[in-house]
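The structure appears below as structure tokens.
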């Protein structure tokens with residue numbers, strides 16, 4: 001039976017524009033026109049130089065995330081994935097073996113190439129420049145159980161939508177501190193039915209950490225979710241606290 | 001001098017993607033060529049760039065702020081690859097790629113990066129016994145084109161989404177990646193900001209007249225045809241009787257729901273019926289309603305964009321148990337597109353029952369808001385019209401998408417630009433979507449129109 005509740009027609013919001021949190025304002029008033037910007041506005045050469053430098057930064061990230069196809073063909077997906085992660089400065093653990101980390105100079109032992117059939121069990125790519133394209137290397141690791149992507153500046157919602165390929169094996173995932181992940185990407189994690197530990201703390205782009213944590217816990221009932229303390233939103237401010245403890249007005 | 005050498009040093013994009021559109025401002029690449037030509041030819045777009053900038057003067061003055069009636073901003077914002085026509089799938093794949101890299105394509109120095117708020121939650125299409133075979137063959141086509149879609153049985157459906165009542169569902173298709181919904185307003189703003197930074201001029205007004213010249217030519221079979229070229233467009237300024245004549249070399253009709261009227265002004269369809277001259281652009285406005293409701297016990301964070309076998313659809317909106325949804329009316333129930341008033345009875349009678357049957361939690365909900373928008377509905381075959389008109393030689397179309405325009409817009413923009421600059425389609429072959437098909441009677445039938 002349909003329960004008819006008193007309808008509230010709110011004609012105020014036209015379209016979803018009213019609900020969206022669009023970033024780009026209509027006319028962006030630049031706060032503090034810097035000298036560089038002034039120069040860029042007036043000289044094409046300076047503008048081109050700035051665009052070039054910006055472009056170079058982007059290309060640098062793409063370069064870091066290039067695929068190592070020759071290694072993949074020769075040694076298989078596990079070795080290629082491990083090589084990729086180690087190259088980024090991350091750490092890799094093969095099944096039955098110890099963690100392999102690059103030293104302070106970025107060098108690492110290539111022993112693992114001798115055992116191409118041994119699968120990779122855990123990957124720690126925290127702090128690396130891995131992005132949507134670089135993730136290809138990880139998604140080939142079909143027996144990956146633990147994945148740490150803490151403080152990765154280029155891991156965003158789009159990347160999370162790709163993780164479903166690891167659903168069969170992934171048990172532990174940490175996304176703490178990634179600046180680009182929002183609750184929209186976290187919604188894709190429901191594919192990871194074998195996940196037992198999930199760390200979603202310190203995600204600045206999540207609009208409502210407490211509520212998001214509750215929703216993620218509902219979405220993944222078998223998973224332990226570490227995140228913001230759900231009482232964060234409920235915590236009283238200092239003035240309210242003092243008001244509470246203040247004695248009642250004497251009669 | 002320095003600029004040229006810097007561009008040379010940058011060379012090819014390291015990804016070798018060959019799209020070459022994300023280097024803003026440089027003259028060697030495609031974007032640069034576009035802006036150069038724009039400055040030279042002062043192309044007039046009763047519509048504007050690729051988006052639905054259109055004139056609203058057919059409406060009473062209180063509605064005439066630009067975009068208030070544009071389909072783009074009133075859209076539910078979904079993007080999917082679950083179509084049956086391969087070209088539609090390709091268009092959508094290109095567009096999702098564009099959206100993912102939007103801050104490389106539309107970067108403007110010193111402006112904040114765009115956040116289109118993409119929800120990668122995928123689409124879930126449900127089919128009854130009748131539609132199951134079609135769904136399966138569609139999924140095969142989609143997979144061939146590179147979409148990541150999987151088929152689910154009613155059992156699997158119940159396991160994955162316990163809030164669904166799979167009664168009556170024979171088969172379901174679920175998009176795992178590259179599908180979801182986003183904020184159309186930020187896309188629009190991003191595009192405007194970028195093209196403005198590249199030197200495009202925007203003006204607001206009503207297109208009242210096209211001034212064109214005619215030329216007679218003979219076809220190989222000896223028939224006489226009249227070719228027209230639009231030379232001038234009269235743009236009437238708002239709230240005044242004055243108009244501005246704008247000289248142009250190319251006109252692109254991206255006027256959304258009003259493209260049919262614009263095309264008539266340009267002389268498309270003025271001729272004996274059954275001939276090419278007499279073939280009108282079959283795009284007309286069709287009103288569609290969208291409702292926003294709240295259901296505290298409703299489906300959770302994992303909710304995809306669900307399209308029921310009955311045609312009713314809904315998706316999650318935000319974190320507060322709010323949902324957006326609607327349904328396309330049948331031909332007989334088509335509402336009058338005269339205005340954008342919402343029919344709330346429609347929700348009670350046509351949207352709520354199928355959704356409540358599919359998602360039992362929706363039996364108790366509270367509608368918070370509703371609005372209406374137009375589909376630029378192609379009455380011929382509900383697919384887009386892209387490319388030049390055979391007789392009005394400098395008019396190009398980018399319209400008629402019948403409800404899936406937003407998700408195909410970046411790819412269509414690319415296609416039109418290629419058509420204008422090179423004379424043919426290069427990235428995606430959209431020849432099935434040319435205007436000729438209306439005269440030749442070749443329908444491009446798309447099964448999955450919502």
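The values are calculated or read from the model by the stated rules, or taken from the named source; none is laboratory data. Everything numeric here is computed off the predicted structure, so don't read it as measured data. Here the Cβ positions follow ideal geometry from the backbone for every residue, glycine too, while neighbour counts run over all protein chains shown.
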**Item:** All positions within the range A:90-120 that are within 19 Å of residue A:134 (Cβ to Cβ) and surrounded by fewer than 17 Cβ atoms within 10 Å (Cβ to Cβ)
**Value:** A:101, A:106
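So, residue A:14, is that one closer than 23 Å to residue A:148 by Cβ and either within 8 Å of chain B (Cβ to nearest Cβ) or modelled with pLDDT under 85 (or both) or not? Give the derivation first.
Numbers: closer than 23 Å to residue A:148 by Cβ: no; either within 8 Å of chain B (Cβ to nearest Cβ) or modelled with pLDDT under 85 (or both): yes.
Taking the combined requirement at face value, the residue does not satisfy it.
Inspect the range B:334-342 for any residue being within 30 Å of residue B:177 (Cβ to Cβ) and touching a helix residue (DSSP H, G or I) at 6+ places or on another chain (Cβ under 9 Å) and give the result as yes or no. Give the derivation first.
Within the range B:334-342, the first condition is being within 30 Å of residue B:177 (Cβ to Cβ), and the residues that meet it are none.
There is no residue in the range B:334-342 that is within 30 Å of residue B:177 (Cβ to Cβ) and touching a helix residue (DSSP H, G or I) at 6+ places or on another chain (Cβ under 9 Å).
From the list B:353, B:388, which residue is more than 14 Å from chain A (Cβ to nearest Cβ), surrounded by fewer than 24 Cβ atoms within 10 Å (Cβ to Cβ) and free of Cβ contacts under 8 Å to residues at least 60 places away in the same chain? Explain how you work it out, then say what you get.
Values: B:353 fails: more than 14 Å from chain A (Cβ to nearest Cβ).
Testing whether each residue is more than 14 Å from chain A (Cβ to nearest Cβ), surrounded by fewer than 24 Cβ atoms within 10 Å (Cβ to Cβ) and free of Cβ contacts under 8 Å to residues at least 60 places away in the same chain leaves just B:388.
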**Request:** Please enumerate the residues belonging to the range A:184-230 that are facing chain B (nearest Cβ under 10 Å), within 26 Å of residue B:162 (Cβ to Cβ), in a loop (DSSP other than H, G, I, E, B) and in contact with a strand residue (DSSP E or B) (Cβ under 8 Å, 6 or more places away or on another chain).
**Result:** A:220
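Listed here are the residues, each with its yes/no results for (1) surrounded by fewer than 16 Cβ atoms within 10 Å (Cβ to Cβ); (2) part of a helix (DSSP H, G or I); (3) facing chain A (nearest Cβ under 10 Å).
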site	(1), (2), (3)
B:125	no, no, no
B:129	yes, no, no
B:140	yes, yes, no
B:157	no, yes, no
B:178	no, no, yes
B:189	no, yes, yes
B:201	yes, no, no
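Sort out for me the helices (runs of 4 or more DSSP H) sitting completely within the range B:351-450 that have 2 or more residues that are farther than 30 Å from residue B:161 by Cβ.
On the way: elements: B:352-358, B:405-422, B:436-440.
Where helices (runs of 4 or more DSSP H) fall fully within the range B:351-450 and carry at least 2 residues being farther than 30 Å from residue B:161 by Cβ, they are B:405-422, B:436-440.
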**Prompt:** Between a first residue in the range B:149-169 that is in contact (Cβ under 8 Å) with a residue 60 or more places away in the chain and a second residue that is in a loop (DSSP other than H, G, I, E, B), which pairs have beta carbons less than 6 Å apart while being 6 or more apart in sequence or on different chains?
**Reply:** B:163/B:299; B:163/B:359; B:168/B:128
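Counting only residues that are closer than 13 Å to residue B:109 by Cα and either facing chain B (nearest Cβ under 9 Å) or touching a residue at least 40 places away in the same chain (Cβ under 8 Å) (or both), how many does the range A:47-84 have?
Taking the range A:47-84 and keeping what is closer than 13 Å to residue B:109 by Cα, we get A:47-55.
Filter once more, so that each one left must be either facing chain B (nearest Cβ under 9 Å) or touching a residue at least 40 places away in the same chain (Cβ under 8 Å) (or both): A:47-52, A:54-55.
The total comes to 8.
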**Message:** Exactly one condition in (1) crowded, with 18+ Cβ neighbours inside 10 Å; (2) within 19 Å of the chain's Cα centre (by Cα); (3) more than 14 Å from chain B (Cβ to nearest Cβ) is false for residue A:181; which is it?
**Reply:** (3)
